[in-house]
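As C-alpha cells, the structure follows; a few thoughts come after it.
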Amino acid sequence: MAEEAKFCCLRCGAEFLLPYTPGVTEERTCPNCGSNSVRRKKDK
Amino acid sequence: MADVGRHPRIELLAYSEVDNVTGYVGNFTVTVRKKARYVDVAECTACGDCEDVCPVTAPDEFEIGLATRKAIYQPFPQAVPSAYVLNIDECLGNNPIACGKCLEACDKDCIDYDDEDELVDIEVGTILVCVGMDVYDPTTLDEFGYTRYENVITSLEFERLINSGGPTRGHLIRMTDREQPRTVAFIQCVGSRDASRGNPYCSNFCCMNTVKDCLLIKDHYPDVDIKVFYMDIRAFGKGFEDLFQRSKEAGTVYIRGIPGEIEEDPETKSLRLYVETTTEGGVNCHEVDMAVLSVGAVPKRDSDMIQRLLTLQRSQDGFFLEAHPKLKPVDAATQGIFFAGCAESPKDIKDSVTQASAAVGRANRLMMQGEVKVEAITSTVIPDLCKSCGICVKVCPYNAISCDTKAKTPAVVVEAACAGCGACSAECPFGAITMKHFTDSQIDAQIDAMLSDNPQDKVLAFACNWCSYSGADLAGTNRFQYPANVRLIRTMCSGRVDKRFVLRAFAMGAPIVLVSGCHFADCHYINAVHWTQRRVEKLWDELEKKGIRPERLQLEWISAAEGQKFATVMRAVEELRQKVTRDEIEHTRKVLADVLEPTGVVA
C-alpha cells in the first residue's frame, strides 16, 4: 500500500491527500478542479 | 510446434531466457541464457527410461499441480524438442548420498550432472514479443473459497481436468470423492471487470471458454446440470452468439448474478452458492457439486523485465502498449519490435493467430526492405560541449544514446534508434545536445517573437505535437471558444521543454507559462513525459526560491481527443493570468535578467 502525501493544486489552491511513492512519477489530478498542476507540499 | 522444430531456417531455443538486448532496428544483439537441461537434447530419444526409475516426485506445472511428475521429465507430451529435462534442484543426483538411477537407466548416456547454463549472442533484425499472459489468482477473493474448498477450481484447472491428455484422461470428476459431479457451476468475471478487487478490464475470452466447456460437458455427460453465473455474456466474435445459443439449447442455465458467498457442506463436500439474481431479484441458494471460477487474464509476471530490456511501453492494465491502436496495432513504440497474442492484451486463439500473422508480416516487410527510414527529428551531440556525465543515457527512453563516462568520451546518438522526443536535450546540463528542427535557438526565437510586444497580455503554452497540439486543433475544428491571447509553441514531446525555455519566457515578461503534454499512458515516446513532470516539479521549487509564484507555471496533460479540456484549460490559465500583477512581472524580469544574456552557445 503506497503511503499518502499532502498535495496542493496550483490552479485552484485546493489541498488534498494522494498516494505517493518517493522516486515514482505519477500523473496526478486535482480532485477539485481537475488540473494536473499538482504540487507535493513538503514538510518544513 | 513440430513443424517449427524441424524448419531448417528456424532456430528454436527452448528452455532459454533472454538476458539482455542491445542495439536497434535491424541490428539487435540478443543475449540468450540457454539453461542447463542436464540432458543431451541431440541424443535423448524421450524413451522415458530415466523417468521410470526416478524416485523424486514433484507437482506437475503443466497440469497445474493436479498431477505429479518426476525430477527428470518432459515438460508436456508435445514438447519440442522431444527431450527430457532434469530439475537439478529436485534431483538427488548431486546430493552426498547420490541417487544416479537415471544415469544408470539411460542407454544413450544423455545425462550430464555437470551441465551448465550457456550464454549465446544472437544477431537479429526484428523482435516479436509473444510472452503470453498469466491468470488471475482468485485466492484473495475469500467469498469463493478457492483453496479452502477442494471442489472450487479455476477454469484453467478445469481445462486440464477435461483434457484427454490430462490427469484424469478427460474424465470429469470432482476433487473430493473422485466421482462424477451431478451439478457444475461456472462463475464468470473472477478477477475481471472489478477495479476494487481484481482488474477493471474484460479478459475477452472467458465467456466463450465457459460456453465451450458447457457444450463439452453436455456432449459427454448429458445428465450433468450446468449453471453459469454471469454479469454479461460477451459473445461478440464470428459464430460466438450461435455457440452461446447452442449451449442454452443443450440445457445450460444462465443466471445473471455473481455469487456473494460459497459455503461447503462439511459432510457431502457439496457447495452452496448464495446469489442475488439481478433479473428476478432476491437472494437464492444454489447447491452444486463443483464450482469453476472463470478467472481473467493478467500480464505476465516478468513483464517488467521484458519492458526494461526492450524499452517498451505498458498500458494502465499492465499489458504492452502498441505504437498506435488503429494504425500500428502490432508495432511497439521502439522500431523493429512487434507484439502478438496476449502480451498486448487478453485475446482468444483466433485473435492471437491474426495478430501473430500481422506481426510477422510487419517484421518481414521491414526485413525485406533491407533499410529503414529514420526520423528526421533526432538528437545530435555537440562533442565540444559534452562532459560525458551520462545523464542523457539515463533519460533516453529508447536506449539510443551511449556514453563512456569513465573514458570521458562524448556521448553518441544512434540515429536509427532515436525517436526524437528531445528529453535528452532538455535534461543536458551543458547544452551539449540539440534536436534537429527543434534547436534551442529556434525555440528561443519563437519565445522572443511571441512575447516581443505586450507580453503581460499573453499566455505562453508549450504543447506536444501528438496530444496537446492535436487537442488544440480539435478545439479549433469543433469551434470550442478559448481566449485569443494564448500563444502556442509546438514541440515534438513535452519532454523537449527545457527549463531554460520556461525561464526565458518569464524573463521576457510572460505572466503565465503552460507546459502541456500527453497523458502518461498515451506518451508517444514511451516515458519521456515523466521527465517533463520531474522537470516542472523542480522548476516550481526553483521559482519559489527566486520569489516567483510557482502558480505561474502550469502543467496539464491533454490528449488529442480532449479538445474540450484544451479550451477549458486555456480559459482557466487566462483567469490566472489576469491575477498576475505588473509588479510581479517586473520583479520576475529583474530576477531572471541573466537568462537572456547570450551564452555563446548556438545550438
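The values are calculated or read from the model by the stated rules, or taken from the named source; none is laboratory data. All of these numbers come straight from a predicted model, not from anything done at the bench. Reconstructed Cβ throughout: ideal geometry from the backbone, glycine too, with neighbour counts over all protein chains shown.
Considering the range B:132-161, and only residues there that are surrounded by fewer than 18 Cβ atoms within 10 Å (Cβ to Cβ) and in a loop (DSSP other than H, G, I, E, B), the residue that is nearest to the chain's Cα centre (by Cα) turns out to be B:132. Give the residue, chosen from B:543, B:514, that is farther than 16 Å from residue B:590 by Cα and either within 9 Å of chain A (Cβ to nearest Cβ) or in contact with a helix residue (DSSP H, G or I) (Cβ under 6 Å, 6 or more places away or on another chain) (or both). Answer to the selection: B:514.
Suppose the filter is part of a strand (DSSP E or B) and either crowded, with 16+ Cβ neighbours inside 10 Å or outside the structural domain of residue B:194 (by TED's automatic domain parsing) (or both); does residue B:69 pass it? Here the answer is yes, as residue B:69 does meet what is asked.
With respect to (1) crowded, with 24+ Cβ neighbours inside 10 Å; (2) in a helix (DSSP H, G or I); (3) within 8 Å of another protein chain (Cβ to nearest Cβ), the lone exception for residue B:556 is condition (2). Of the candidates B:296, B:318, the single residue that is of a type outside the set (A, V, I, L, M), surrounded by 14 or more Cβ atoms within 10 Å (Cβ to Cβ) and within 13 Å of the chain's Cα centre (by Cα) is B:318. Kindly establish whether residue B:242 is among the charged types (D, E, K, R), in a helix (DSSP H, G or I) and crowded, with 22+ Cβ neighbours inside 10 Å. No, not satisfied.
If we scan the range B:568-581, do we find a residue that is in a helix (DSSP H, G or I), away from chain A (no Cβ under 13 Å), among the aliphatic types (A, V, I, L, M) and touching a residue at least 40 places away in the same chain (Cβ under 8 Å)? No; the residues of the range B:568-581 include none that is in a helix (DSSP H, G or I), away from chain A (no Cβ under 13 Å), among the aliphatic types (A, V, I, L, M) and touching a residue at least 40 places away in the same chain (Cβ under 8 Å). Just one of the numbered conditions (1) touching a residue at least 60 places away in the same chain (Cβ under 8 Å); (2) surrounded by fewer than 17 Cβ atoms within 10 Å (Cβ to Cβ) is not true of residue B:586: (1). When residue B:490 is tested against the conditions (1) within 16 Å of residue B:516 (Cβ to Cβ); (2) out of contact with any helix residue (DSSP H, G or I) (no Cβ under 7 Å at 6 or more places or on another chain); (3) of a type in the set (D, E, K, R), the lone failure is (2). Within the range B:359-382, the set of residues being more than 14 Å from residue B:126 (Cα to Cα) and either of a type in the set (Asp, Glu) or out of contact with any strand residue (DSSP E or B) (no Cβ under 8 Å at 6 or more places or on another chain) (or both) comprises B:373, B:374, B:375, B:376. Just one of B:372, B:381 is surrounded by 17 or more Cβ atoms within 10 Å (Cβ to Cβ) and β-branched (Val, Ile, Thr); which is it? On inspection, the qualifying residue turns out to be B:381.
Residues that are hydrophobic (A, V, I, L, M, F, W, C), within 29 Å of residue B:491 (Cβ to Cβ) and surrounded by 16 or more Cβ atoms within 10 Å (Cβ to Cβ) do not occur anywhere in the range B:343-360. Being part of a helix (DSSP H, G or I) and within 9 Å of another protein chain (Cβ to nearest Cβ): is that true of residue B:551 here? Answer is yes for this residue.
Evaluated against (1) within 14 Å of chain A (Cβ to nearest Cβ); (2) surrounded by fewer than 24 Cβ atoms within 10 Å (Cβ to Cβ); (3) hydrophobic (A, V, I, L, M, F, W, C); (4) touching a residue at least 60 places away in the same chain (Cβ under 8 Å), residue B:520 falls short on exactly one condition, (4). Scanning the range B:269-295 for residues that are of a type outside the set (D, E, K, R) and in contact with a Pro (Cβ under 7 Å, 6 or more places away or on another chain) yields a total of 6.
Yes or no, residue by residue, for (1) surrounded by fewer than 20 Cβ atoms within 10 Å (Cβ to Cβ); (2) at pLDDT 95 or above:
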{"position": "B:543", "(1), (2)": "no, yes"}
{"position": "B:567", "(1), (2)": "no, yes"}
{"position": "B:575", "(1), (2)": "yes, yes"}
{"position": "B:598", "(1), (2)": "yes, no"}
{"position": "B:602", "(1), (2)": "yes, no"}
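Quick check on the range B:432-454. Is at least one of its residues touching a Leu at 6+ places or on another chain (Cβ under 7 Å) and within 14 Å of another protein chain (Cβ to nearest Cβ)? Checked against the condition, which is being touching a Leu at 6+ places or on another chain (Cβ under 7 Å) and within 14 Å of another protein chain (Cβ to nearest Cβ), the range B:432-454 yields no hits at all.
Could you please let me know if residue A:18 is aliphatic (A, V, I, L, M), touching a Pro at 6+ places or on another chain (Cβ under 9 Å) and more than 12 Å from every other protein chain (Cβ to nearest Cβ)? In short, yes. Counting only residues that are free of Cβ contacts under 8 Å to residues at least 40 places away in the same chain and outside any loop (DSSP other than H, G, I, E, B), which one in the range B:400-431 is farthest from residue B:310 (Cα to Cα)? Per the stated criteria, the residue is B:412.
Say whether the condition of being at positive phi and either surrounded by 17 or more Cβ atoms within 10 Å (Cβ to Cβ) or touching a His at 6+ places or on another chain (Cβ under 9 Å) (or both) is met by at least one residue in the range B:208-230. Checked the range B:208-230: no residue is at positive phi and either surrounded by 17 or more Cβ atoms within 10 Å (Cβ to Cβ) or touching a His at 6+ places or on another chain (Cβ under 9 Å) (or both).
For residue B:252, the test of being modelled with pLDDT under 95 and either of a type in the set (Ser, Thr, Tyr) or closer than 22 Å to residue B:162 by Cβ (or both) is failed. For the range B:525-534, a residue qualifies if it is touching a residue at least 40 places away in the same chain (Cβ under 8 Å) and surrounded by fewer than 21 Cβ atoms within 10 Å (Cβ to Cβ), and exactly one does: B:527.
Every residue in the range B:264-274 that is part of a strand (DSSP E or B) and under 17 Å from residue B:225 (Cα atoms), please. Result: B:271, B:272, B:273. Residues in the range A:24-37 that are more than 8 Å from chain B (Cβ to nearest Cβ) and within 17 Å of residue B:540 (Cα to Cα): 3 in all.
Among the residues of the range B:218-254, those identified as acidic (Asp, Glu) and within 21 Å of residue B:288 (Cα to Cα) are B:219, B:223, B:225, B:249. Screening residue B:251 on (1) in a loop (DSSP other than H, G, I, E, B); (2) surrounded by fewer than 17 Cβ atoms within 10 Å (Cβ to Cβ); (3) out of contact with any strand residue (DSSP E or B) (no Cβ under 8 Å at 6 or more places or on another chain) shows it passes everything except condition (3). Screening the range B:162-183 for residues that are in contact (Cβ under 8 Å) with a residue 60 or more places away in the chain and under 35 Å from the mean Cα position of the chain (by Cα) and picking the one that is surrounded by the fewest Cβ atoms within 10 Å (Cβ to Cβ) gives B:165. Got at least one residue in the range A:4-15 being at the interface with chain B (Cβ under 8 Å from one of its Cβ atoms), acidic (Asp, Glu) and within 21 Å of residue B:572 (Cα to Cα)? No, the range A:4-15 contains no residue that is at the interface with chain B (Cβ under 8 Å from one of its Cβ atoms), acidic (Asp, Glu) and within 21 Å of residue B:572 (Cα to Cα).
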